[in-house]
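Structure, as C-alpha cells:
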Amino acid sequence: SRGKFAFGGLKGIRSSVLKLDVAYKKDVSRLLDVVRETIFFDNVGDLQRCLDIISRSKIVEVVRVKSTMTESAEDGSRDGPPSGEEWSKTGMRFVRVNVRFLRSNQART
C-alpha cells in the first residue's frame, strides 16, 4: 500500500546542546533524532517490510527501536496488542526507529 509521509523537521540547536551537556557528556555520536520524519502505514505487514529493508541497508545502522505495538503488564500477563473495544481506547500505535548514517560516499549524497 502507499503510506503517508510527513516531514518532521530538525531538532533545535538549544535542545541538542542541552541534551549533549546533560545526558551525553558532550559525546555527539550519542545524539539521536536530529532529523525527524514520519511514515504512516495502513497495516503491520507494510511496516514490517519497511523495517526489514531498513535493517538490511548498507548506508544506515539501526541504533534503537521503540514500539507501542504491544503492551505488557508488570506481571507479564499481556502478550500482544489490545483487541476490539480495548484497542480503540489505546490511541495511535507507533514504532520509532533511530538510524545513523554510516560513513560512506552514498550516505553523503
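Would you tally the net charge around residue 22, using a Cβ to Cβ cut-off of less than 15 Å, leaving residue 22 out, and scoring K and R as +1, D and E as -1?
+4
What net charge do the residues around residue 10 carry, taking every other residue with its C-beta under 14 Å from that of residue 10, with Lys and Arg at +1 and Asp and Glu at -1?
+2
Bear in mind these aren't lab numbers, they're just calculated from the coordinates by the rules spelled out. Everything quoted here is computed from the prediction, not taken from an experiment. In this analysis, Cβ positions are derived from the backbone assuming ideal geometry, glycine residues included, and neighbour counts consider all displayed protein chains.
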